[in-house]
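A short write-up of the structure that comes next.
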Amino acid sequence: MREDIDQLTASDREALEAIEKLGPREKWRIVKNIAVLGFAFMVHFTAFHGTSNLQSSLHTDGSLGAYTLASIYGSLIVSNLFLPVLVIRFLGCKWTVVVSFVAYMPYIAAQFYPSFATLIPSGLAVGFGGGPLWCAKCTYLAIIAEAFSVATRRKVRTEYLIVKFFSLFFVFYQLAQVLGNLISFTVLSYGATVDGNETGAVQSLSVNVSSTCGANYEAPSENASQGAIDLQRPDAGQLNTLTGIFLACMVAASVSVAIGVDSLKRYSMIRTGQADQVSGTRMLIITLRQLGNRYQLLLLPITAFIGVEQAFIAVDFTKSFVACGLGISYIGYAMICFGLANAVAAAVTPYVTKQLGRRALIFLTAIFHAGLVTFMLLWRPTGEYYKYSIMAVASCWGLADGVWLIQINSLSGILFPGNEEAAFSNFRLWEATGSVIMYATSPFLSTFQKLLFVLGIMTVGTVGYGIIELMEYRVKRAVTEKRFEAVSQQVD
């Protein structure tokens, strides 16, 4: 025991003494903080995902739903660059999470009275709250991971604990997509029938679904003369019930963090965090300067693609493939499958990567995703198995999305050692930019054109990634050859 302490640095010994004064069960308290924080995010984003997945199908007048989502991700770009440092410095990580949760609530409340005057401003508030929220979460987990490492006398490395703590957190977070859509499916489909048909189904059964839905779908306002499908809104009482449930979820999440999560002041002996070191303007300069790196430039298309494909599944797939043929209530049903597959991919990707290698997995995922998009371009939704086909497509998209997220996120850290902050800032920036482009152009493009755009940017992004791997291979081969020459000269 004494030897373990002697091997620590002076600062670690001071931190260990401070942590030991907090009590023998401090490590369990740290785990409790992670669990409560993860639970709060799960409950909070249960409401957010459950609401957002319905926007493009519920609010079709003037493409209000698509523009609302565009406003969220547009303000998120600005928020990521300027607000996190300022807000965290003023409030601290814990209360930044609480206040950011509150910033999401007007967006849910606006669903009671949806209009451009209520949804667009509340969407902007979500984006402005999102930047500080995610930065505060990352900072909190990193600091308590370091505290836990000190409490173990550095027997467990901080880097390993950060991965473990993030994994535990995302176990909770990934369930939000499942729970949010399960609630919306249950509420919107319960006892909802109109003339023997489920509420939310198409209004005109004379329309040929196989030729009108899927890749052929066009907004009713743009093609009304050709008999395009006009989606029925669920009963107002059902929508208000759903909104009330989601608003209560967000309130519960905020209260959970306020009461159940300890402030980082408890671990002030560890470090103060990045918020005290980098200003908002400085963060912008670092982010833009990172674009001078060739690898970063080559990563931009694949990063933007992640934002594009996530926007497509949330807006266009739910409207064109699900609501058009099955009804709005089935959006939750389909997105449950997406969320479950996404969680499975997040869990197994590290193990598959270990067996196949990063390059092989990314290229296989690109081929798999391209095949899925091609199938959706050619598929004509019809038949008694339509519901199960939708489930399969959503699940396959969720698997691909889970691999893309983990691999490209980790690649940003692997390629830029020492500049991870700027690399991850660029990741958030260009991912959000891809989402904004997709949301903003949604009212003007057909689903067929959007699928072609998804396929095109994925192809460009995969080629860019391939160039990076080729450059890395050449660099490593050159280093190996120099070492071999040096050893040969020493032998001679």
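The values are calculated or read from the model by the stated rules, or taken from the named source; none is laboratory data. Treat the numbers as computed from the prediction; the structure is a model and nothing was measured. Here Cβ is always computed from backbone atoms with ideal geometry, including for glycine, and neighbour counts include all displayed protein chains. Accessible surface areas use protein heavy atoms only, side chains included; no ligands, DNA or RNA. Shrake-Rupley method; radii C 1.70, N 1.55, O 1.52, S 1.80 Å.
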Could you tell me which numbered condition V403 fails, if it satisfies all but one of (1) assigned to a helix (DSSP H, G or I); (2) touching a residue at least 12 places away in the same chain (Cβ under 8 Å); (3) surrounded by fewer than 21 Cβ atoms within 10 Å (Cβ to Cβ)? (3)
Please go through the range 353-383 and pick out each residue that is open to solvent by 50 Å² or more (accessible area, probe 1.4 Å) and either part of a helix (DSSP H, G or I) or under 15 Å from W397 (Cα atoms) (or both). K354, Q355, L356, R358, R359, F363, L364, I367, F368, T374, F375, L378
Can you name the condition, by its number, that G466 falls short on among (1) at pLDDT 75 or above; (2) more than 30 Å from F128 (Cβ to Cβ); (3) open to solvent by 40 Å² or more (accessible area, probe 1.4 Å)? (3)
Could you please tell me which pairs satisfy a Cβ distance under 9 Å, a separation of 6+ or placement on different chains, a first residue in the range 430-449 that is modelled with pLDDT under 80, and a second residue that is among the aliphatic types (A, V, I, L, M)? S442/A66; S442/L69; S442/A70; S442/A219; S442/A311; S442/V315; P443/A66; P443/A219
Odd one out for R289, checked against (1) in contact with a Leu (Cβ under 6 Å, 6 or more places away or on another chain); (2) open to solvent by 70 Å² or more (accessible area, probe 1.4 Å); (3) of a type outside the set (A, V, I, L, M): (1)
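Let me confirm something: among I331, I336, which residue is open to solvent by 10 Å² or more (accessible area, probe 1.4 Å) and part of a helix (DSSP H, G or I)?
On the way: I331 fails: open to solvent by 10 Å² or more (accessible area, probe 1.4 Å).
So the residue among I331, I336 that is open to solvent by 10 Å² or more (accessible area, probe 1.4 Å) and part of a helix (DSSP H, G or I) is I336.
Please specify each residue of the range 95-124 satisfying the condition of being part of a helix (DSSP H, G or I), open to solvent by 30 Å² or more (accessible area, probe 1.4 Å) and either charged (D, E, K, R) or under 26 Å from V308 (Cβ atoms) (or both).
Step one: list which residues in the range 95-124 are part of a helix (DSSP H, G or I), which gives 95-112, 116-124.
Filter once more, so that each one left must be open to solvent by 30 Å² or more (accessible area, probe 1.4 Å): 95, 99, 102, 105-106, 109, 112, 116-118, 120-121, 124.
Hits for the range 95-124 are F116, I120, P121, L124.
Table: residues versus (1) closer than 30 Å to P114 by Cβ; (2) at pLDDT below 85; (3) touching a Gly at 6+ places or on another chain (Cβ under 9 Å); (4) part of a helix (DSSP H, G or I).
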{"position": "L239", "(1), (2), (3), (4)": "yes, no, no, yes"}
{"position": "A248", "(1), (2), (3), (4)": "yes, no, no, yes"}
{"position": "V255", "(1), (2), (3), (4)": "yes, no, no, yes"}
{"position": "I270", "(1), (2), (3), (4)": "no, yes, no, no"}
{"position": "V278", "(1), (2), (3), (4)": "no, yes, no, no"}
{"position": "I286", "(1), (2), (3), (4)": "no, yes, no, yes"}
{"position": "L300", "(1), (2), (3), (4)": "no, no, yes, yes"}
Could you please find all residues in the range 434-455 being part of a helix (DSSP H, G or I) and open to solvent by 30 Å² or more (accessible area, probe 1.4 Å)? V436, I437, A440, T441, F444, F448, Q449, L452, F453, L455
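Suppose we filter S412, S425, S488 for residues that are at pLDDT below 85, of a type in the set (G, A, S) and over 21 Å from G131 (Cα atoms); which single one remains?
Residue meeting the stated conditions: S488.
Here is a yes/no grid of residues against (1) at pLDDT 75 or above; (2) assigned to a helix (DSSP H, G or I); (3) more than 16 Å from I143 (Cβ to Cβ):
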site: L16; (1), (2), (3): no, yes, no
site: K32; (1), (2), (3): yes, yes, no
site: A35; (1), (2), (3): yes, yes, yes
site: F48; (1), (2), (3): yes, yes, yes
site: S56; (1), (2), (3): no, yes, yes
site: L64; (1), (2), (3): yes, yes, yes
site: I72; (1), (2), (3): yes, yes, yes
site: S75; (1), (2), (3): yes, yes, yes
site: V78; (1), (2), (3): yes, yes, yes
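Just name the residue that is modelled with the lowest pLDDT out of those in the range 20-30 that are open to solvent by 30 Å² or more (accessible area, probe 1.4 Å) and part of a loop (DSSP other than H, G, I, E, B).
In the first step, residues of the range 20-30 are kept if they are open to solvent by 30 Å² or more (accessible area, probe 1.4 Å); the result is 20-22, 24-25, 27-29.
Now drop any that are not part of a loop (DSSP other than H, G, I, E, B), which leaves 22, 24-25.
Numbers: L22: 56, P24: 60, R25: 69.
Ranking the candidates gives L22 first.
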